[in-house]
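Structure first, commentary second.
Each reported figure results from applying straightforward, stated rules to the coordinates on display, with no laboratory input. Everything numeric here is computed off the predicted structure, so don't read it as measured data. Using ideal geometry, Cβ is built from the backbone for each residue, glycine included, and neighbour counts are taken over all protein chains shown.
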Amino acid sequence: MQPDKILVIGACGQLGTELTLALREIYGSSNVIASDLQCRVPLLSQTGPFEKLDVLETQRLAAIINKHQITQIYHLAAMLSATGEQNPKFAWKLNVNGLLNVLDIAQEKKLHKIFWPSSIAVFGPHTPSEQTPQFTTMDPNTVYGISKLAGERWCEYYFEKYGVDVRSLRYPGLISYKTPPGGGTTDYAIDIYHKALEGAPFECFLAEDTYLPMMYMPDAIKATLQIMDAPSTEIKIRSSYNVGAFSFSPKEIAKSIQSNIPAFRITYKPDFRQQIADSWPDTIDDTAARTDWHWNPEYTLQTMTIDILLNLKKLKA
Ligand code: AKB
């Protein structure tokens with residue numbers, strides 16, 4: 001049997017970079033084609049094939065799929081919550097039309113599997129914010145959240161009507177030290193570690209007691225590979241799965257840094273992102289993911305902080 005050939009769309013982003021490298025480890029470099037508007041991450045073209053691709057260009061997408069005999073797509077290209085609010089119409093176009101292009105071609109070419117990320121941004125101000133259930137009130141009020149909720153409905157539709165095997169996770173804020181974030185509301189939780197190691201104070205754009213669900217990147221990669229590896233019969237939810245790891249506030253992450261770097265200081269100056277954060281859950285109930293395909297995160301806030309500070313220090317040395 002021929003090995004699966006994987007196309008990662010939006011490979012140069014925060015998640016895409018690490019996911020592409022992880023997929024290349026598993027499937028072999030030549031079987032994982034990275035693609036993005038530009039090759040902003042040289043490592044991706046140095047370690048395997050790279051194609052320039054705007055997911056809104058359907059002919060180019062089809063040409064790349066034909067050229068590489070693609071059988072799976074990880075479609076990650078999107079505008080996130082904070083940048084989406086600066087350009088709502090384009091965010092909608094990229095996030096929804098981009099997904100529809102991928103679902104259409106998956107149906108047409110009978111691709112084996114598609115991965116598409118959703119987000120906690122699908123929830124809104126009337127959603128229960130503690131242990132937010134899998135199925136509940138959803139009234140997102142950012143264009144990003146609205147586009148992700150619409151995307152979830154499209155995924156389920158393409159699975160039900162056309163049998164497209166599309167799988168999805170509602171990621172919380174993803175925290176990594178290897179790649180920079182791209183315009184999200186949860187990004188403060190990445191910048192804070194960089195400032196702490198520079199010996200600089202950190203001004204946080206969220207208030208000190210704003211709780212949000214978060215996840216360390218190795219767990220996000222693990223969850224993604226796990227849901228894509230699971231037998232199709234285990235994937236009982238075809239919109240998108242809640243996945244949790246831990247939740248914290250800016251004050252708590254600052255405290256976890258201070259237990260390693262006592263001189264670290266934080267101040268708070270909430271901006272427009274506060275309102276976005278306030279509309280999202282504090283904590284997530286991910287029982288369905290744990291039951292259906294055995295999701296189980298490894299990292300806590302404390303173990304993540306130790307790991308990031310250790311590795312970031314080495315990178316900055
Ligand atoms: C964002 O903050 O926009 C993203 C997300 C939670 O989807 N990190």
Quick P(r) readout (the range 198-248; Cα-Cα; 5 Å bins; whole %) gives 4, 14, 18, 17, 16, 11, 8, 6, 4, 2, 0
Report, in degrees rounded to the nearest 10, the 0 to 90 angle that the Cα long axis of helix 301-316 makes with the longest principal axis of the chain.
80 degrees
Quick one: helix 14-27 against the long Cα principal axis of the chain, what's the angle to the nearest 10°, folded into 0 to 90?
50 degrees
Candidate lysines for bridging to Lys195, where Cα separation is under 22 Å - those fewer than 8 sequence places away on the same chain excluded
Lys178, Lys251, Lys255, Lys269, Lys313, Lys314, Lys316
Once you charge only the Cβ atoms, +1 for Lys and Arg and -1 for Asp and Glu, what is the size of the charge dipole of the range 1-147 about its Cα centre, to the nearest 20 debye?
420 debye
per DSSP, antiparallel bridges as share of beta bridges in the chain, % nearest 5, sits at 10 percent
Only counting other Cβ atoms within 10 Å, I'd like His294, His194 sorted with the fewest neighbours first.
His294, His194
Starting from the amide H of Ser35, placed 1.01 Å from N in the peptide plane, find each other amide H under 5 Å away whose residue is 5 or more places distant or on another chain.
Val8, Gly10, Ala11, Glu51
Using a/c under 1.5 as the rounded threshold, could you call the range 86-151 rounded, prolate or oblate? The axes a ≥ b ≥ c are square roots of the C-alpha gyration tensor eigenvalues, and prolate needs a/b larger than b/c, oblate otherwise.
oblate
Glu57 versus Lys316: modelled label distance in nm, points set 7 Å from Cα along the beta carbon direction
3.9 nm
Tilt, helix 143-162 to longest principal axis of the chain (alpha-carbon atoms), in degrees rounded to tens, equals 30 degrees
Magnitude of the Cβ-charge dipole of the chain, K/R +1 and D/E -1, about the Cα centre, nearest 20 debye?
780 debye
For the residues Glu152, Glu85, what sequence is obtained by ranking on other C-beta atoms within 10 Å, fewest first?
Glu85, Glu152
Whose amide H sits under 5 Å from the amide H of Tyr241, counting only residues 5 or more places off or on another chain, with H placed in the peptide plane?
Ser168, Leu169, Arg170
As I understand it, the dipole of the range 240-279 uses +1 on the Cβ of Lys and Arg and -1 on the Cβ of Asp and Glu, about the Cα centre. Which of Ala263, Tyr241, Ile276 lies farthest toward its positive end?
Ala263
Can you spot the lysines whose alpha carbon is less than 24 Å from Lys93's alpha carbon? Ignore those fewer than 8 places along the same chain.
Lys52, Lys109, Lys113, Lys148, Lys161
Shape of the chain, Cα gyration tensor, a/c cut at 1.5
prolate
How large is ³J(HN,Hα) for each residue in the range 178-192, as worked out from phi by the Karplus curve 6.51 cos²θ - 1.76 cosθ + 1.60 (θ = phi - 60°), to whole Hz, x for Gly and Pro?
7, 10, x, x, x, x, x, 7, 8, 5, 4, 6, 9, 4, 4
To the nearest 20 debye, what charge dipole does the range 157-211 have about its Cα centre, counting +1 at the Cβ of each Lys and Arg and -1 at the Cβ of each Asp and Glu?
340 debye
Sorted by Cβ neighbour density within 10 Å, fewest at the top, the residues Arg60, Arg170:
Arg60, Arg170
For Asp4 and Gln275 in one chain, what is 0.36 nm times their gap in residues minus the Cα-Cα distance, to one decimal in nm?
93.3 nm
Choose one of Ser147, Leu103, Leu169: the residue whose Cα lies farthest towards the positive end of the charge dipole of the chain (beta-carbon charges +1 Lys, Arg; -1 Asp, Glu; about the Cα centre).
Leu103
